[in-house]
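Reviewing the structure listed below.
The values are calculated or read from the model by the stated rules, or taken from the named source; none is laboratory data. This structure is a prediction, so every number in the text was calculated from the model and none was measured. Note that we place each Cβ from the backbone using ideal geometry, even for glycine, and neighbour counts take in every protein chain shown. Surface areas here come from the heavy atoms of the whole protein model, side chains and all, with no ligands, DNA or RNA. Shrake-Rupley method; radii C 1.70, N 1.55, O 1.52, S 1.80 Å.
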Amino acid sequence: MTAPKLALATASAAEAAVDALVIGTVRTEDGVALQPGAEAVDAAFGGALVETLTALGATGKADEVVKLPALGKIKATVLVASGLGSADEGISGEQVRRAAGAAARSLVGTARIASLLSTLDLQAAVEGAVLGAYTFTAYKSEPEKKNPTVKVDFIAPEDGSAKEHKATLKAATAIAEAVTTTRDFINTPPNDLYPGSFADKAAALGRAAGLTVEVLDEKALRKNGYGGIIGVGGGSARPPRLVRLTWKGARAKAKVALIGKGITFDTGGISIKPAASMDQMTSDMSGAAAVVATVVLAAKLKYPLEVTATVPMAENMPSGDAYRPGDVLTMYGGKTVEVLNTDAEGRLILADAIVRACEDAPDYLIETSTLTGAQVVALGKRTAGVMGEPAFRDRVAELGRAVGENAWAMPLPEELRADLDSRLADLANVAGHRWGGMLAAGVFLREFVAEGVPWAHIDIAGPSFNDGGPWGYTSRGGTGVPVRTLAAVLADIAENG
Ligand code: BES
Ligand code: MN
Ligand code: ZN
């Protein structure tokens, strides 16, 4: 599918000659109301828009889309009213993003669209429109034939210059593309996306963006002592990889290490998972996909940073060559780990990657992974758990919330470290109990972060994959979380160090 052309509108909302004009509605105590800035559109409808929308059942709540024929009252053929929810505490960017997404989902197949939501928040309206329109049909032999959307015109907010608006449109488009790239990786099934093919695709994307690319294959990994990646990847006929992608911005202000878990399929290995929902483990490389897309984004937006993504990729399979519960692995850098459960594989490949990334002496290290089912139990399907060095952890969680990707700071309790003590090795890969499973995984990772490096670990086991229906701008399947958080953290570091 060719991406629609995204542009700043040249006509006003009432004058936009398009198939559909999208405006926002607000939920109030007295019923539905129009978004600020819709006065001229309302006037064109003789001031009867609220009355008409009410008669159609509109309430202004989120994920509500009501369409009405414009019949010549405005230049657009159809008026699309998308719910923003309550405006009692103002209208947040995330409300705009979701309303734009819901409208876009309802307009797949509409050729020309204009948006008035963008007057509330241009960046959010663009991101919501692109992400809401996302579909993944690569594996349908007969994809539903819908005409592609050719153009979306965004009406600019009143404040800010045309130059600023152009820059915002460009950044929002790039960020949304990074999210769709991530979704594409996640949605590609594990028979086609395995360590070798994932590494090839990541390397190709990196090269096209002008990044420095390094790919270690299984021979190089073994030779260099990547015991975690080799151990986990050993059970698969499709051998593991470690991909490194570097963006070196001009006048780089800081060095940032990104790491993402790239388990292309997680059966659990010899500690095999139950059959129910095992198919969802196609998404166990969501963290890897997110950091690959983010380092490419850093290049596209020319962040004044040096960003290196270190991405371990492996398939966790049971076989005669698989690692066993009871094995002791010597990790990259020399620490030893006793494997008590082969289903706690993510932390093993990540440990190798963290040690490697720390050799570059980064100013910040951010790692993200679909690491624990315990994250989903603790925080649900839509809120990521953020652990790590307290100040940086809090900064990452706050920036995540600011871009509408819910993130919550979680502790790394000291007492959990002793629960990872091993009879044989430096530490075990699981605690002997199931309490605080998300935190225990974080405590395990901490052992591999070099002294003094501010680091954050984002557990996205829940938020990375939507196994329910679509909502707002979130499609089914891969969501692309936490790409926008990572982008916000990079932008913040570029600005404030
Ligand atoms: N990939 C899973 C975690 C996961 C669970 C991601 C549900 C997305 C949805 C991870 O490798 C895993 O299996 N973790 C184990 C750890 C346990 C053995 C300590 C888990 O959470 O059960
Ligand atoms: Mn697992
Ligand atoms: Zn896993």
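Loop sites here are chymotrypsin sites (Phe, Trp or Tyr not before Pro) outside DSSP states H, G, I, E and B with no more than 13 other Cβ atoms within 10 Å. The longest part of the chain free of them is 140-434. Counting only residues at least eight positions apart within a chain, or on another chain, the lysines with an alpha carbon under 19 Å from that of K166 are K5, K151, K300, K302.
How much of the accessible area of the chain, probe 1.4 Å, is carbon plus sulfur, in whole percent? Working shown, then result.
Details: 10520 of 20290 Å².
C and S atoms contribute 52 percent here.
Under 18 Å of direct C-alpha separation, and excluding same-chain neighbours fewer than eight residues apart, K335 reaches these lysines: K223. By the gyration tensor of its Cα atoms, with a ≥ b ≥ c the square roots of the eigenvalues, what is the shape of region 290-336: rounded for a/c under 1.5, prolate for a/b over b/c, or oblate? In terms of gyration-tensor shape, oblate.
For region 5-156, with every protein chain kept in place, what is the accessible area per residue (1.4 Å probe, Å²)? If you can, show how the numbers build up before the last one.
Numbers: 6990 Å² over 152 residues.
Dividing the accessible area of region 5-156 by its residue count gives 46 Å².
For region 180-496, averaging the sequence separation of C-alpha pairs within contact (under 8 Å, six or more residues apart) and dividing by the residue count gives a relative contact order of 21 percent.
Give, rounded to the nearest 20 debye, the magnitude of the charge dipole that the chain has about its Cα centre when Lys and Arg contribute +1 at Cβ and Asp and Glu contribute -1 at Cβ. Spell out each step's value before the answer.
Details: 49 positive and 57 negative charges, 270 e Å.
For the chain, the charge dipole is close to 1300 debye.
Among the GluC sites (Glu not before Pro) in region 315-372, none sits in a DSSP loop with a Cβ that has at most 11 other Cβ atoms within 10 Å. Going 7 Å from the Cα of T336 along its beta-carbon direction, which residues of region 404-428 have the amide nitrogen within less than 15 Å of the resulting point? Counting only backbone N, you get 421-428. Extension gain, A391 to A167: 0.36 nm times the residue separation minus the Cα-Cα distance gives 77.6 nm. Site pair K219 and E51 shows an inter-label distance of 7.9 nm when each label is modelled 7 Å from Cα along Cα→Cβ.
Using helices alone, what [θ] at 222 nm do you get for the chain, with -39,500 (n - 2.57) per DSSP H run of 4 or more residues, divided over all residues and rounded to the nearest 500? Please report the intermediate quantities before stating the final value.
Values: 14 runs with 163 residues, N = 497.
The helix contribution divided over the chain gives -10000 deg cm²/dmol.
Within region 397-493, report the GluC sites (Glu not before Pro) that DSSP leaves as loop and that have at most 11 other Cβ atoms within 10 Å. For GluC sites (Glu not before Pro) across region 397-493 that sit outside H, G, I, E and B with at most 11 neighbouring Cβ atoms in 10 Å, the list reads E451.
What do you get for the angle between helix 286-300 and the principal long axis of the chain? Use alpha-carbon atoms, 0 to 90 degrees, nearest ten. The answer is roughly 60 degrees.
From the Cα gyration tensor of region 379-497, with a ≥ b ≥ c the square roots of its eigenvalues, which class applies: rounded if a/c is under 1.5, or else prolate if a/b is larger than b/c, or else oblate? Oblate, since a/c reaches 1.5 and b/c is not below a/b.
Between region 339-374 and region 147-210, the alpha-carbon centres lie 26 Å apart.
Rounded, prolate or oblate for region 180-496? Axes are the square roots of the Cα gyration tensor eigenvalues, ordered a ≥ b ≥ c, and the cut-off for rounded is a/c under 1.5.
Working: a/c = 1.24, a/b = 1.23, b/c = 1.01.
In terms of gyration-tensor shape, rounded.
The simple Förster model, with R0 at 35 Å and r as the Cβ-Cβ distance, assigns E414 and Q280 a FRET efficiency of 0.60.
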